[in-house]
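Note sheet for the following structure.
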Amino acid sequence: MVVGDVTTGTDVLVIGAGPGGYVAAIRAGQLGKDVTLVEADAFGGVCLNYGCIPSKALISATDVAHHARHAERMGIHADPAIDLTGMVNWKDSVVRRLTKGVEKLCENAGVELIEGRAEFVDEHKARIVHGGDGQGSETIEFEHAIVATGSRPIEVPGFEFDGTHVLSSRDALSLDTVPEKLVTIGAGYIGMELSTTFQKMGADVTVVEMLDDALPGYEDDVARVVRDRAEDLGIDFEFGLAASDWERTDDGMVVRAEDEDGEISEFAADKVLVAVGRQPVTDTLNLDATDIEPTENGFIETDEQCRSGVESIFAIGDVAGEPMLAHKASAEGEIAAEVIAGEPAAMDQQAIPAAVFTDPEIGTVGMTSEEAEQAGFDPIVGQFPLRASGRALSMNDTDGFVRVVADGDSEFVLGAQIVAPEASELIAEMGLAIEMGAQLEDVAATIHTHPTLSEATMEACANALGKAIHTMNR
């Protein structure tokens, strides 16, 4: 029996329960709105279930074994075995705890949770299609809607995901055995994070990248530290090659890639991980029923208040464009909810940090020196090498540096680039400095705990002023 279509109403319909959607729903509930949150897959979205959280869980677990295995210099001799099934089970327990927490937080904020796929009927009405035979659908009328449907991995022609031979990042995070030979297509942040993790697990990893270096978009010296460490771990890089096709063999599979001259290279593999980027999920929304016209790449254009071209519909997170970051989605979610509630709110993107959880990590925020010049500043730069950090030495982890960029006239902090252990944590201080309009002296004169990695940010700011103590001044 098919359940009939029932029409209900809500103040705010949030489509997608990832880090943008659930935050928007909770904030709107806090502001007294009647909120309905619809999720087609799993509450918490890709980030909590198949992306940020599970990948960092596996990275952290793998690092425990790797550090123990390579601690002879510190007087530790060990050879821990990795049980990938047990590791994945632990990762899944972390995910379950967080996703259940999201559901509870939403319910405590008065948010109604609905499982299903939402598609627009018009600019004030959406149809919710429930999964399963006989589940039917329902229609929800809304005053405002927030689109937060996130993104999906991009497929490479000839390498369509099958979950067995050709893996997406989601597939890779649920393997029960470590592949003997893994070919990764793409040397961006996802490809580099997972390639490093599987190499540390014991896989023989080859990274095929059509560009001429890893981590495109990052400065050369930043990417070089991570690439060099990856090569030290045993990862092979094949740059200037575009993956063309693959076929099964008696021993597994062979991956073919082509250079700009048409020459073909072949690589043996047991699995292929495709990590060439992500694309917004807007094709499921029936946007034709509204006046919203997505861009050529499928993004929904928004203003600083996260409003689309239709006054009643907002868009946040990956569907709203770069940077495609979970924390940016959460910030936009709060803004959209507050704007709907009549609060004065707008997005300020001058200090959105980014992190890559490679070995070592990368953390960036604000402008590079080149970007500062292009923006009309006369930048000054300060840098502190990790090899001069007492804490980094005591951790036996000294590759990398902290760099700060400031305006030469006013000495206001404009940006920072960090490649170091815990760079994802260290970058927060520099983000706060930019957000608060701090000058180099404000950071340099702040007493930092010793011995810590955070002293490197203090020293980098002092170096820009020509008065660093623990490194040569420029």
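The values are calculated or read from the model by the stated rules, or taken from the named source; none is laboratory data. Given the structure is predicted, the values throughout are model-derived calculations rather than measurements. Neighbour counts are summed over all protein chains in view; Cβ atoms, including those assigned to glycine, are modelled from backbone coordinates with ideal geometry.
Identify, from the list Ile335, Ile362, the residue that is modelled with pLDDT of 95 or more, under 30 Å from Leu233 (Cα atoms) and under 25 Å from the mean Cα position of the chain (by Cα). Outline the logic, then answer.
Details: Ile335 fails: under 30 Å from Leu233 (Cα atoms).
The conditions single out Ile362.
Per the listing Leu84, Leu113, Leu105, Leu175, the residue uniquely in the same structural domain as Met253 (by TED's automatic domain parsing), farther than 26 Å from Asp213 by Cα and of a type in the set (A, V, I, L, M, F, W, C) is Leu175. The residues of segment 229-262 include none that are polar (S, T, N, Q) and without any contact (Cβ under 8 Å) to a residue 12 or more places away in the chain.
Working carefully through the options Ala61, Ala68, find the one that is more than 25 Å from the chain's Cα centre (by Cα), over 20 Å from Val147 (Cβ atoms) and in a helix (DSSP H, G or I). First the steps, then the outcome.
On the way: Ala61 fails: more than 25 Å from the chain's Cα centre (by Cα).
Checking each option against the conditions leaves just Ala68.
Matching residues to (1) over 16 Å from Ser151 (Cα atoms); (2) in contact (Cβ under 8 Å) with a residue 60 or more places away in the chain; (3) not assigned by TED's automatic domain parsing to the domain that holds Ala40:
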site	(1), (2), (3)
Ala268	yes, yes, yes
Val272	yes, yes, yes
Asn297	no, no, no
Glu301	no, no, no
Gln305	yes, no, no
Val310	yes, yes, no
Gly321	no, no, no
Ala336	yes, yes, no
Val339	yes, no, no
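Within segment 192-200, identify whether any single residue is touching a residue at least 40 places away in the same chain (Cβ under 8 Å), surrounded by fewer than 19 Cβ atoms within 10 Å (Cβ to Cβ) and either within 28 Å of Gly298 (Cα to Cα) or not charged (D, E, K, R) (or both), and answer yes or no. Checking segment 192-200: not a single residue is touching a residue at least 40 places away in the same chain (Cβ under 8 Å), surrounded by fewer than 19 Cβ atoms within 10 Å (Cβ to Cβ) and either within 28 Å of Gly298 (Cα to Cα) or not charged (D, E, K, R) (or both). Report whether or not His165 is more than 19 Å from Gly333 (Cβ to Cβ), in contact with a strand residue (DSSP E or B) (Cβ under 9 Å, 6 or more places away or on another chain) and not acidic (Asp, Glu). Here the answer is yes, as His165 does meet what is asked. Listed conditions (1) crowded, with 20+ Cβ neighbours inside 10 Å; (2) assigned to a helix (DSSP H, G or I) are all met by Ala406, apart from (2). Restricting Glu435, Glu411, Glu429 to residues that are more than 29 Å from the chain's Cα centre (by Cα), of a type outside the set (A, V, I, L, M, F, W, C) and over 24 Å from His67 (Cβ atoms) narrows the list to Glu411.
Those helices (runs of 4 or more DSSP H) of segment 162-276 in which at least 3 residues are of a type in the set (Ser, Thr, Tyr) and either out of contact with any helix residue (DSSP H, G or I) (no Cβ under 6 Å at 6 or more places or on another chain) or modelled with pLDDT of 95 or more (or both), considering only elements entirely within it, cover 189-201.
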